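S.K.: Okay, here's the structure, questions in a sec.
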Amino acid sequence: MENNTNNRLSITPTTIVVAAVYLLVSVVGINWFTTFVPVVFPPQASAEARSVDELFHVLLIIGGIIFFLIQGMLLISVVAFRARRGDQSEGSSSHGNMILEVVWTIIPALVVIFLSVISFNVWSQNTEPKISVNLVDGTPVSINVTGARYAWTHTYETNRTTPEGAPIVINSGNRLHTYIGQNVDLTLRTTDVIHSYWVPAMRVKQDLLPGDLTRGGRPTELRFTPIRIEGETYPAAYPIVCAELCGDGHGLMTGAVVVYEDETQFLEQFYEPAIHAILNPPADPVLRGELVIQEYICNSCHILEPFDDWVGRTGPALDGVADRAADRVPGQSAEEYLVTSVWNASAFVVPGYSDQMANFGPAEMDNYNMSPEELYSIVAYLCTVGEQSDCDNENSTTVIPAAIKTVFGFDVDITFGMDQDESADGETDSEDDGEMSASETSEAASE
Ligand code: HEC
Ligand SMILES: [Cu+2]
């Protein structure tokens, strides 16, 4: 009680100068700090990016002010209330101060309410459904994203049909193609665990939720609209990454959003060529397989020499796979082995690896829905990967369909993708379903 002088804040000219300098440095410091934001952040490639960055800016300034205020008070207290030489007394104890309590409850409450309101505004603005989405040629197409360990697959359910009337679906692998001003609305599904589709340049991120896909799954939606960036050359690509740790290949789950300058460039460089390739696939199954294999996510787990985007190490390199295919499983021919390793990879696990490969079977067997015709083409291609292939490549049009029939019981329509004239032949369903038997179709093909 006697000696409380040490505990009283003595405001000297020095204290005022120190406080003033501190305040100045803080204010200048916060502003200087926020100038780094554009440097640290990727370019603002979507309309949503602007409001997200503005929100970030406000949060940073409020956070900065609070940080410097508290650190400053702490610093002033440490200096002003330090124990003077020879002073052994206890500090004074102070009790509740109603006004202070009220003030420091109300101010943070107001700050939190303010932040909630502005954040909610940005969120609801950015996630609001748009009226005309995914417009291509004036009609909307559905764009689906599938997340699977460890790759993204994008498919476009287009507004075009094959001559037989089947809707054309473009599979663009790990790339999403869009153009400036297109209101993108993605439907996201996962075939296994939770993934998160994140496009930093667009400032959008959305989780993919597992669920029973056969009953429609639990798709989630993601919306954004690409905008022009000054000085950018189009088409421009922005990375897609997975933002949910989903297994040992999580870091491989990447892709790109390819933004075209306008709809014309989008149609010319992506959409029309993709549809053309689907309507006119190469008749040679090997060439077709080389195209089809790139529509799947094999590249995220395997290496294969001619392709430079095959970077995966979860599985063995596929280089030379035809040279060893007959030696893997006793009693299985090279074709039977390859057919099995794609549709039902779990049946045999290559020594030194674990059973991490998805089974790429059709809808009845798996979620990947790889048709027997695609399997046939992929295996025809893999059969050529090697020095002295174990496959019977002379007779691939009969041997591979026979292997698919033996192992899985599916028939293959090997006229799939042939010239319309060649495959017409009174046959209505050349798209898939394998309704023709291998022998019937090989007759049709040999015409
Ligand atoms: C999630 C990772 C993953 C993906 C995606 C993947 N694989 Fe595999 N693959 C593996 C692993 C791991 C093995 C070895 C274990 C096994 O045999 O199941 C393997 C083995 C194989 C083998 C056997 C290789 C050998 O040396 O005997 C073939 C052939 C193959 N994969 C083809 C494919 C094709 C074609 C695709 C795309 C349609 C694909 N894989 C996609 C992980 C993957
Ligand atoms: Cu993932």
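The values are calculated or read from the model by the stated rules, or taken from the named source; none is laboratory data. Here the structure is a predicted model, which means the values were calculated and not measured. Note: ideal-geometry Cβ built from the backbone for every residue, glycine included; neighbour counts use all protein chains shown. Only protein heavy atoms, including side chains, enter the accessible area calculation; ligands, DNA and RNA are left aside. Shrake-Rupley method; radii C 1.70, N 1.55, O 1.52, S 1.80 Å.
S.K.: Is it true that V204 is in contact (Cβ under 8 Å) with a residue 12 or more places away in the chain and assigned by TED's automatic domain parsing to the domain that holds P42?
M.R.: So V204 fails the test.
S.K.: Next question, about the same structure. Among the residues that make up region 211-225, is at least one of them within 16 Å of ligand 2 (Cβ to nearest atom), on the phi < 0 side of the Ramachandran plot, under 13 Å from the mean Cα position of the chain (by Cα) and aliphatic (A, V, I, L, M)?
M.R.: Taking every residue of region 211-225 in turn, at least one turns out to be within 16 Å of ligand 2 (Cβ to nearest atom), on the phi < 0 side of the Ramachandran plot, under 13 Å from the mean Cα position of the chain (by Cα) and aliphatic (A, V, I, L, M).
S.K.: Identify, please: which residue in region 75-98 is free of Cβ contacts under 8 Å to residues at least 60 places away in the same chain and among the basic types (K, R) and is, among those, surrounded by the fewest Cβ atoms within 10 Å (Cβ to Cβ)?
M.R.: That would be R85.
S.K.: Report whether or not G72 is over 27 Å from I180 (Cα atoms), of a type in the set (G, A, S) and surrounded by 11 or more Cβ atoms within 10 Å (Cβ to Cβ).
M.R.: Yes: the conditions hold for G72.
S.K.: Kindly list the number of the only condition in (1) closer than 25 Å to L188 by Cβ; (2) in contact with a Phe, Trp or Tyr (Cβ under 9 Å, 6 or more places away or on another chain); (3) more than 16 Å from ligand 1 (Cβ to nearest atom) that fails for Y238.
M.R.: (2)
S.K.: Can you work out which of the residues in region 379-406 that are out of contact with any Phe, Trp or Tyr (no Cβ under 8 Å at 6 or more places or on another chain) and β-branched (V, I, T) is least open to solvent (accessible area, probe 1.4 Å)?
M.R.: For region 379-406, the residue satisfying everything is V379.
S.K.: Now, a different point. Under 7 Å by Cβ, and 6 or more places apart or on different chains, what pairs join a residue from region 328-345 that is near ligand 1 (Cβ under 10 Å from one of its atoms) and basic (K, R) with one that is open to solvent by 10 Å² or more (accessible area, probe 1.4 Å) and at pLDDT 95 or above?
M.R.: Qualifying pairs under 7 Å: R328/Y337.
S.K.: Among the residues of region 254-295, write down those that are surrounded by 15 or more Cβ atoms within 10 Å (Cβ to Cβ), polar (S, T, N, Q) and part of a helix (DSSP H, G or I).
M.R.: Within region 254-295, Q265, Q269 meet the criteria.
S.K.: Here's something else I'd like to know. Which count do you get for residues in region 319-344 that are in a loop (DSSP other than H, G, I, E, B) and either surrounded by 22 or more Cβ atoms within 10 Å (Cβ to Cβ) or among the acidic types (D, E) (or both)?
M.R.: 1
S.K.: Which of the residues belonging to region 304-334 are in contact with a Gly (Cβ under 7 Å, 6 or more places away or on another chain) and more than 16 Å from ligand 2 (Cβ to nearest atom)?
M.R.: G320, V321, A322, D323
S.K.: Being open to solvent by 20 Å² or more (accessible area, probe 1.4 Å) and within 24 Å of C391 (Cα to Cα) is the filter here; which residues of region 303-318 pass it?
M.R.: Step one: filter region 303-318 for residues open to solvent by 20 Å² or more (accessible area, probe 1.4 Å), giving 303, 305-309, 311, 313-314, 316-318.
Residues satisfying the conditions are I303, E305, P306, F307, P316, A317, L318.
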